[in-house]
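The block underneath contains the structure these notes are about, expressed in structure tokens.
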Amino acid sequence: MGVEICVEGLTKSFGHQVIWQDVSLTLPAGEVSVMLGPSGTGKSVFLKTLVGLLKPDRGSVKIAGRDITRLREHELYEVRKLFGVLFQDGALFGSMNLYDNIAFPLREHTRKSESEIRRIVLEKMDMVGLIGSEPKLPGEISGGMRKRAGLARALVLDPEIILFDEPDSGLDPVRVAYLNQLIVDLNAQIDATFLIVTHDIASARQVPDNIGLLFRRELVMFGPREELLTSEEPVVRQFLNGRMQGPIGMAEEKDAAQVEQELAQLGNGSTQTPGSQALTPRLLPGPGILRPPRWNAIAEREAELRRRKAVADV
């Protein structure tokens, strides 16, 4: 079972440059959350702060009731055992085959026998569809396979929290679709708390329970998927629809008057009325995989939202 992460008033800067400030949110235990935002808004910095690799200027990060910003190094080391991390490029050791890469955390952090390590490694490789690829080196496989190997390595210590730093980077749309399905299936099977940093809008619309958006050094919104997908917040609508019109510019900052003019033009030329954005169907676990109980509550929430929108559109 995953654990809840409660972030309160988190602020981080490097020198005089404020990355983000007063970020507060709760990542619900066992759910999949996605963090979006334009490039350079500190999404990866946020992940590193959650795992204690970076220390914030202010605020707290409570995991299993412990504020990791106040822990000593040996205490933080114990909390980090709750985490698994999938890095952008998989972060595999180039000189090790896939089996040894995935076995590395078990050999480094446990006293398990080699027979037990083999059982665990093969089990995780089977979960990500890599059985038979044990002797291959990272340089001999595709980017998608490297991602899956990195995910298998993140799973071997049975973490309660898994962080994904742009898992779709460098992958073609078909591999991204397979990876998304794998993430949904894994969450249904192991019930860990997932946080995914991504720029892929299709993934953000289909995969998570919750979505957050960082922009201009702030957390614009964080909440259930259906709330953000139907939000009227200009920056949320712009990002989720991939439009030029809106607060986000090439250099992130835009003149307020220009933004107002663009949004007015967009509104005049749009056939959508406020609140009429479509709610993308969720990606479901694959055949034979039981859906977690929370999915019933999510389906009821989304059905109620559709009913309200249908009444409003009449």
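Residue pairs whose Cβ atoms lie under 7 Å apart, separated by 6 or more positions or on different chains, with the first residue in the stretch 87-102 and surrounded by 23 or more Cβ atoms within 10 Å (Cβ to Cβ) and the second part of a loop (DSSP other than H, G, I, E, B) and of a type in the set (Lys, Arg), are 98/136. For the stretch 103-113, the criterion of being buried (at least 19 other Cβ atoms within 10 Å of the Cβ), closer than 19 Å to residue 81 by Cβ and of a type in the set (A, V, I, L, M) is satisfied by at least one residue.
For the stretch 64-81, the condition of being under 16 Å from residue 154 (Cα atoms) and in contact (Cβ under 8 Å) with a residue 40 or more places away in the chain holds for at least one residue.
Per-residue answers, yes or no, for (1) over 30 Å from residue 66 (Cβ atoms); (2) at pLDDT 95 or above; (3) in contact with a helix residue (DSSP H, G or I) (Cβ under 9 Å, 6 or more places away or on another chain):
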residue	(1), (2), (3)
82	no, no, no
87	no, no, yes
142	yes, no, yes
171	yes, no, yes
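Checked against the criterion of being closer than 25 Å to residue 46 by Cα and in a strand (DSSP E or B), the candidates 59, 90 yield just one match: 59. Looking only at the stretch 289-314, which residues are of a type in the set (Val, Ile, Thr), farther than 17 Å from residue 223 by Cβ and touching a residue at least 40 places away in the same chain (Cβ under 8 Å)? Within the stretch 289-314, 289 is the sole residue that qualifies. Note on the stretch 24-33: residues that are buried (at least 24 other Cβ atoms within 10 Å of the Cβ) and either among the β-branched types (Val, Ile, Thr) or in a loop (DSSP other than H, G, I, E, B) (or both) amount to 1.
The values are calculated or read from the model by the stated rules, or taken from the named source; none is laboratory data. Keep in mind the model is a prediction, meaning the values are calculated, not measured. Cβ coordinates were reconstructed from backbone atoms using ideal geometry, including for glycine residues, and neighbour counts include every protein chain displayed.
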